[in-house]
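The values are calculated or read from the model by the stated rules, or taken from the named source; none is laboratory data. This one's a predicted model, so the numbers in the text were calculated from it and none came from an experiment. Reconstructed Cβ throughout: ideal geometry from the backbone, glycine too, with neighbour counts over all protein chains shown. Ligands, DNA and RNA are stripped out before the accessible areas are found, and what is left, the full protein with its side chains, is counted by its heavy atoms. Shrake-Rupley method; radii C 1.70, N 1.55, O 1.52, S 1.80 Å.
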Amino acid sequence: MEATSKRLELTDMLSKLLSKAGEDTEMLVYLVQGKIAPDYEGIELGMSEKLIAKALVSITSMDEKEIARMMARSGDMGTVSQEVIAERVQSTLEKQDITVKRVFNALTEIAQTSGEGSVTKKLALYKDLVLNGTPVEAKYITRIITGKMRLGVSDATIITALVAAFSYEGDPAEIENAYNCHPDMGYIAGLLRKGLTDKIREASPQPLVPVKVMLAERLTSVDEILEKLGGTCAAEYKYDGLRTQIHFDGKTVKIFSRGTEETTSNFPDIVRAFTETFHCKSCILDGESVPYNPETGELYPFQMVSQRRGRKYDLEGKLHEIPIVVFLFDILYLDGSSLLAVPYPERRKKLESLFTENDHFKPATRIVSSNAHEIMEFFERSISDGCEGIVAKSVGADSYYRAGARGWQWIKFKRDYQKELSDSLDLVVLGAFSGHGRRKGTYGALLMGVYDHRRDIFETVCKLGTGFTDDVLFNLPKILADYRSPNKPNNVNSILEPDVWFYPSIVLEVRGAEITVSPVHTCAFSSVVSGSGLSLRFPRFTGNFRKDKKGDQCTTTEEVLSMFNNQKKKGA
Ligand code: ATP
């Protein structure tokens with residue numbers, strides 16, 4: 001799988017593997033993505049390359065310097081362990097078979113081991129695996145343990161492979177939908193293996209399991225928005241904070257981020273306030289957390305919220321400095337029933353009747369209107385109240401909550417930055433060009449990309465060299481070091497050849513002047529002009545690393561194409 005750059009071939013190999021896997025299926029879908037549980041469980045295997053080097057030293061007669069030299073040469077601890085096991089271990093041990101189950105169980109034990117003596121125990125578990133395995137097995141076990149599996153197997157690829165492996169006769173979109181409601185690929189694979197297709201079709205949210213968030217399309221005029229939404233819409237303030245999904249199962253409150261990561265521990269104040277505010281049996285709420293001043297009601301910039309993420313100490317102290325209010329705009333589940341298929345106006349009514357607003361929870365400010373002038377005034381008001389603009393929402397009979405989908409039911413409309421694109425793009429770093437002159441020792445420009453969902457591939461859209469502070473600029477090689485790939489990753493499509501390749505992982509917010517046609521970029525290649533792609537002109541880094549987005553959550557090819565088409569309309 002690692003050797004192929006053809007998506008079809010990769011999917012084919014994976015589906016053949018899964019069709020023969022029997023009870024190992026669930027474990028295999030995790031392992032090919034280098035994990036042992038769904039992302040939202042936040043399980044870290046937690047063994048650094050340094051620790052692996054130590055393990056390799058202890059099973060050979062090599063010293064740490066030699067391992068470090070091998071590492072410098074290949075840049076991949078997996079390859080180092082493969083070479084070490086093949087050439088340097090004289091084992092008298094009679095090898096036992098390394099089964100999927102055995103590897104999976106050992107990895108789980110490594111993840112669960114903590115406290116005193118845990119390093120020794122982890123090392124012993126790792127050594128036991130690699131000494132019993134073949135050199136190739138050692139390579140991939142090491143990569144999984146150090147969090148660097150990177151076979152380019154995306155969720156979409158696994159879904160396609162599962163459809164083929166289990167001859168799923170329904171619409172593959174049903175599986176995608178089930179996954180969006182319950183983003184655990186092992187769970188989905190298990191349903192298919194056991195033939196529980198009803199459960200796939202009827203998939204619905206479950207409190208304490210994050211639901212993939214619904215996303216918005218974008219337009220650049222209120223008239224177009226009204227036309228798209230059938231003449232009437234609900235315009236809500238677009239708060240500039242952190243997407244916050246709150247779950248309650250009757251006992252426990254959990255909070256998840258836009259990327260289904262659990263962030264409960266960052267919001268002890270919200271958790272406390274939740275039980276005082278809400279008195280339902282169970283629910284799932286959707287909203288945006290914003291730092292604010294309870295005295296004046298003034299909203300503060302988003303950056304003040306991000307200080308809370310990953311903050312391990314003095315969190316309670318910080319809470320008094322930056323109180324948070326969650327502006328709730330949706331409800332996905334209430335007292336045992338899914339509300340995904342209930343139209344938005346009814347969901348909003350249920351949400352409003354569920355609580356009395358206070359300093360911690362408020363309903364998102366909104367109007368329902370068919371009047372472009374009135375909506376424009378509301379938009380201006382949102383800006384002067386410290387918001388980014390509005391999100392216009394459909395009030396139609398089919399205004400369901402579409403988990404994980406970006407559709408025309410929600411349309412964002414942001415402040416127009418004169419002569420600039422009205423919206424920023426979130427681009428993923430695919431490569432880098434070495435710097436010269438003043439930039440010697442760091443990168444001169446980064447090769448940035450977007451994601452094509454349909455083909456499950458990353459495409460290039462610009463070279464980015466502006467907008468970096470000196471501090472960030474000279475730290476770029478360090479910031480990106482962990483994501484270096486020895487060659488072009490198999491899910492990247494590029495005409496340009498940068499000096500360094502990266503696995504598509506790090507997302508940067510970028511502004512630009514316009515989208516133009518370009519023969520050297522592969523974004524939407526040949527969709528507008530034969531033999532050319534689309535590119536972002538005069539790109540500039542805004543300074544915002546989108547840590548809440550994974551590589552494949554960057555701006556999509558379809559979005560760039562629709563920005564290009566909107567621009568054309570405006571020009572005309
Ligand atoms: P996206 O989430 O669409 O990929 P993004 O993360 O860059 O893009 P924006 O383009 O700024 O975010 O807009 C969408 C985000 O706006 C939502 O994900 C949500 O976090 C936020 N938001 C703020 N207010 C609302 C609201 N009233 N309704 C829906 N989303 C809102």
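What the table shows:
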read-out	value
Listed residue (77, 104, 89) projecting farthest to the positive dipole end of the range 35-146, Cβ model	89
Per-q log10 I(q)/I(0), the range 31-101, q = 0.12 Å⁻¹ (Debye; single scatterer per alpha-carbon; no solvent)	-0.43
P(r) of the range 129-227 over all Cα-Cα pairs, binned every 5 Å from zero, in whole percent	2, 10, 16, 14, 12, 13, 12, 10, 5, 2, 1, 1, 1, 0
Highest average packing first - 229-241, 248-260, Cβ atoms within 10 Å	229-241, 248-260
Highest-first arrangement of 367-379, 170-182, where packing means the average Cβ count within 10 Å	170-182, 367-379
Amide H contacts under 5 Å for residue 520, placed H, 5+ residues apart	533
Within straight-line cross-link reach of residue 139, aspartates and glutamates at Cα separation under 15 Å, skipping those fewer than 8 residues along the same chain	2, 49, 76, 83, 87, 128
Per principal axis, descending, Cα span of the chain in whole Å	80, 58, 54
Test item: Cα-centred dipole of the chain, Lys/Arg +1 and Asp/Glu -1 on Cβ, debye	1160 debye
222 nm mean residue ellipticity, helices alone, for the chain (DSSP H n ≥ 4; -39,500 (n - 2.57); rounded to 500)	-10500 deg cm²/dmol
Cα pair distances in the range 215-414, grouped into 5 Å bins until the bin that holds the longest one, percent each	1, 7, 16, 20, 19, 17, 11, 6, 2, 0, 0
Inter-part distance where the range 151-166 and the range 444-485 are each reduced to a Cα centre, Å	26 Å
Debye log10 I(q)/I(0) for the range 35-146, one point scatterer per Cα, at q = 0.09, 0.11, 0.13, 0.19 Å⁻¹	-0.22, -0.33, -0.46, -0.98
Residue 385 accessible area, assembled protein chains, probe 1.4 Å, Å²	70 Å²
Rounded percent of accessible protein surface that carbon and sulfur make up, the chain, 1.4 Å probe	49 percent
Farthest positive-ward along the chain dipole, Cα basis, beta-carbon charges - from 336, 451, 138	138
Separation of the residue 127 and residue 88 label points, Cα + 7 Å toward Cβ, nm	1.5 nm
Computed accessible area, residue 279, all protein chains, 1.4 angstrom probe, square angstrom	150 Å²
Cβ crowding within 10 Å averaged over residues, with 291-298, 503-510, 399-406, 129-136 ranked highest first	503-510, 399-406, 129-136, 291-298
Of 376, 354, 215, farthest towards positive along the dipole that unit charges on Lys, Arg, Asp, Glu beta carbons give the range 215-414	215
Proximal lysine pairs, the range 403-557, alpha carbons under 26 Å, eight or more residues apart or interchain	23
Accessible area per residue in Å² at 1.4 Å probe, computed on the chain	46 Å²
